[in-house]
């Protein structure tokens, strides 16, 4: 039922163009350990992409060894033997410096990696090969993985894809979000939007329960424990009215998270338990913790053991040849596992509490708690969540692994111009507050200058986005600077606060402020309204400074036509207006009022969402079109006069201000640095393409050798070659096989193709003989069938009475001659073919058979088309005034058919009206025909229809059978 609803909701249609026959979009749920890919294309709404192993999720891993690059499970498999050359858990290294707490934690967990600082960007980078000075940044490695995900999606969709939506954790900072976009740029992907993974899962949940959402707000918590982190989001569902249309909406009301609590931490604790158990009974003097390969094996076994213990109370962990060829086998219970992670269980419920506090809600306000992520399958985690929430059960109605990918794919289709979907509004929430800081210089009475540091909140915590905001700087007449920083983060835990090494996001320098003020300095009617900076937090949660302008407001005199009514009430109205103006009720006084500044006499922040802007514009248009209440109807009998009146109106003047932004969160790589990364990735991609082409060419050559070597001993093929040919072909195949066995190095694909082409050239005459004789057999059967159908057709045509014959003698003779000549050619050629040996080249060839059949079929088709459009002839043997009293009979093909003598009898015979001639179908007086003419015409039409019924089925049947059999070969 959900799938059916999904098809209805995702009502997609494709916009074709002259260059492309199809379009598709994709989503990538980029996790720390796994990624899930979903596509949307015409006829395929929200479908998970299968990888090469037919799995629905792929490991986020890439291995680089000996100039070979592998992804997914193949890379993870190599990680056991070569852990340093396989890169895992890259998500939380994006946009980080070397001294970041998460980078230090990564080094502690995986000490065999060599990390250093990138001198260009200041972020962390992997030293892949110190001798060759080969380094890879996390952004470059993630770009490889993203490009691999696109390859999987394109192979699955069978068409190019370059537009996507990528899911990320909601707690990602500005730097981390920009790093993801930079990685996607290196991969050549167009990111429509970065989407919070919990929000994507919530969208997937809401899409399939659209009918359950109404005007009342429903709160649902999505609890996601992944491999690296844990998040809890409170989502509000309700129906909202936008531009007069009611649609469902989800909005993020609260968020809580723990960046270091996840399934990986549990696996590491379980690995440490296995190390302890191994050391208690080890028979070697070596320390297993100092062997990277042994530790990688233990981590792999710990990962498997954690999954098994989620369903069983105990299980055996076993590793063959762990170290010094010593095997390891030990029994581990769920109780031991839970005891090892005892300090982690206290942190499981904390994201839930933080989310409730952030949303200012209680536990009773939450309708249900839905579980997302693989870590929530641990029984202890579910037990703690049940106890903390007070619920009787936890929601498991969505796919914990695929919900985010499917929700993001719906959003990808919604923001794409190529698809149309049911509207579902999505409002994400800012996790961190953002403020603007600047210095205000004030001149004191004694001439000294004082400096005051001012902070203004731009985005508060949980502010919805996308949204635009404007902050106004008053009383600034010269160039000045301001900074964009994170606000107070006291609500975060101490560990989460340590993730922010620098709260500064960017620094903005303005230019041209003095020039903008000087332009209106001499205009006494113009007043400065401040410097306005326009910010926008886009759909990806990234803050951008779009523009800065200097705003001045002045008065302008305009002439306006005013209508006056000369009636007896005009004097009373003048008195009324005078009294109103005397007491300050005039309309002009409001325009002269100077707006008040804020408490500190400086700035104010204006907030307007994009939806509100559109709505405001629409309302302003409506107001302009609305009629005035005091307008005089056209039917009024009062005397009306018009005159020009001068009126003062407010006019806004805006001057653009130049600005230069210095970013501190994520430095934009220089063009040379970006080009170096692109060249590095292109070289790897070219190497992969070379390897793939080589493997394909090698497989084709090996397949050809094995196949033809087997045919050498098949009777049909063995008889089709001479002894000399047999020696030459056998020698060539053996030589090629030996060449493959003794081959050194990795030659290009062209070398294998040339070798295969040379073999095919030698064996072509031999293989062509066998194939031609094989293809002739079904074609001969088809030709015999076409002969039979043609003979039946000619018999039916020749038996037609002369008064109903629709073919000329020339047409009949032409078909007869062509049929006879084709039969003669076939018989003579068959006799010549029977005289040949199997190793002789055949004279009866498939292409000749097809050509003869096409010629015969073309002639039959011509006669068929003529029969379909033929009109019945008027009977000349009957007199118009002759009255028939007895039923006429017609004999066709030995069958006697009795024909009705009148039109009424004809109707009674078959229950239908007789076919009308072309003359009868035209409008004419009802008395145009006499009864005898009507009877004669009905009889003639019946005869023609009867004879056509006899031969038309044979004719059409023979045509379609012959055509289909002919062109299916």
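The values are calculated or read from the model by the stated rules, or taken from the named source; none is laboratory data. Everything quoted here is computed from the prediction, not taken from an experiment. Neighbour counts are summed over all protein chains in view; Cβ atoms, including those assigned to glycine, are modelled from backbone coordinates with ideal geometry.
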Sole miss for residue 301 among (1) assigned to a helix (DSSP H, G or I); (2) in the same structural domain as residue 76 (by TED's automatic domain parsing) is condition (2)
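Can you pull out every residue in the range 461-477 that is within 17 Å of residue 545 (Cα to Cα) and part of a loop (DSSP other than H, G, I, E, B)?
First, pick out the residues of the range 461-477 that are within 17 Å of residue 545 (Cα to Cα): 465-473.
Residue satisfying the conditions is 466 alone.
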Could you tell me whether the range 413-433 includes any residue that is without any contact (Cβ under 8 Å) to a residue 60 or more places away in the chain and not in a loop (DSSP other than H, G, I, E, B)?
yes
Any idea which of 774, 805, 781 is surrounded by fewer than 15 Cβ atoms within 10 Å (Cβ to Cβ) and over 30 Å from residue 725 (Cα atoms)?
781
Considering each residue of the range 48-73, count those that are without any contact (Cβ under 8 Å) to a residue 12 or more places away in the chain and either in contact with a helix residue (DSSP H, G or I) (Cβ under 7 Å, 6 or more places away or on another chain) or buried (at least 17 other Cβ atoms within 10 Å of the Cβ) (or both), and give that number.
1
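Listed here are the residues, each with its yes/no results for (1) out of contact with any strand residue (DSSP E or B) (no Cβ under 8 Å at 6 or more places or on another chain); (2) modelled with pLDDT under 95; (3) crowded, with 19+ Cβ neighbours inside 10 Å.
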| position | (1), (2), (3) |
| --- | --- |
| 210 | no, yes, no |
| 223 | no, no, yes |
| 233 | no, no, yes |
| 266 | yes, yes, yes |
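How many residues, within the range 316-343, are part of a strand (DSSP E or B) and at positive phi? Let's see the steps before the verdict.
Within the range 316-343, the first condition is being part of a strand (DSSP E or B), and the residues that meet it are 316-323, 326-333.
Now restrict to residues that are at positive phi: 321.
Qualifying residue count, the range 316-343: 1.
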Quick check on the range 721-732. Is at least one of its residues part of a loop (DSSP other than H, G, I, E, B), out of contact with any strand residue (DSSP E or B) (no Cβ under 6 Å at 6 or more places or on another chain) and over 21 Å from residue 696 (Cα atoms)?
yes
The residue from 97, 108, 84, 178 that alone is surrounded by fewer than 19 Cβ atoms within 10 Å (Cβ to Cβ), touching a residue at least 12 places away in the same chain (Cβ under 8 Å) and in a helix (DSSP H, G or I) is 84
Looking only at the range 733-760, which residues are part of a loop (DSSP other than H, G, I, E, B) and at negative phi?
742, 743, 744, 746, 747, 748
For the range 488-510, enumerate the residues that are touching a helix residue (DSSP H, G or I) at 6+ places or on another chain (Cβ under 6 Å) and part of a strand (DSSP E or B).
505
Evaluate the following for residue 144: is it in the same structural domain as residue 245 (by TED's automatic domain parsing), part of a strand (DSSP E or B) and either surrounded by 18 or more Cβ atoms within 10 Å (Cβ to Cβ) or modelled with pLDDT of 95 or more (or both)?
no
Residue, surrounded by the fewest Cβ atoms within 10 Å (Cβ to Cβ), within the range 112-141, restricted to residues that are under 24 Å from residue 300 (Cα atoms) and either in contact (Cβ under 8 Å) with a residue 40 or more places away in the chain or not assigned by TED's automatic domain parsing to the domain that holds residue 57 (or both):
112
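Just give me the residues in the range 360-374 being closer than 17 Å to residue 258 by Cα and assigned to a helix (DSSP H, G or I), in sequence order.
Step one: of the range 360-374, the residues closer than 17 Å to residue 258 by Cα are 371-374.
Across the range 360-374, the qualifying residue is only 374.
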Being over 25 Å from residue 664 (Cα atoms) and in a strand (DSSP E or B) is the filter here, so list the residues in the range 111-141 that pass it.
128, 129, 134
Being assigned by TED's automatic domain parsing to the domain that holds residue 372, at pLDDT below 90, assigned to a strand (DSSP E or B) and surrounded by fewer than 16 Cβ atoms within 10 Å (Cβ to Cβ), is that true of even one residue in the range 7-29?
no
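Table: residues versus (1) farther than 30 Å from residue 541 by Cβ; (2) in contact with a strand residue (DSSP E or B) (Cβ under 8 Å, 6 or more places away or on another chain).
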| position | (1), (2) |
| --- | --- |
| 263 | no, yes |
| 284 | yes, yes |
| 296 | yes, no |
| 309 | yes, yes |
| 329 | yes, yes |
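Taking the condition crowded, with 17+ Cβ neighbours inside 10 Å and either in the same structural domain as residue 177 (by TED's automatic domain parsing) or outside any strand (DSSP E or B) (or both), does residue 447 pass? Steps first, please.
Details: crowded, with 17+ Cβ neighbours inside 10 Å: no; either in the same structural domain as residue 177 (by TED's automatic domain parsing) or outside any strand (DSSP E or B) (or both): yes.
Against the criterion (crowded, with 17+ Cβ neighbours inside 10 Å and either in the same structural domain as residue 177 (by TED's automatic domain parsing) or outside any strand (DSSP E or B) (or both)), residue 447 does not qualify.
Pick from 218, 260, 284: which is modelled with pLDDT under 90 and either in contact with a helix residue (DSSP H, G or I) (Cβ under 9 Å, 6 or more places away or on another chain) or not assigned by TED's automatic domain parsing to the domain that holds residue 82 (or both)? If you could, list the steps in order and put the result at the bottom.
Numbers: 218 fails: modelled with pLDDT under 90; 260 fails: modelled with pLDDT under 90.
Only one candidate passes the filter, namely 284.
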Based on what the data block shows, is residue 702 touching a residue at least 24 places away in the same chain (Cβ under 8 Å) and either surrounded by fewer than 16 Cβ atoms within 10 Å (Cβ to Cβ) or not in a helix (DSSP H, G or I) (or both)?
yes
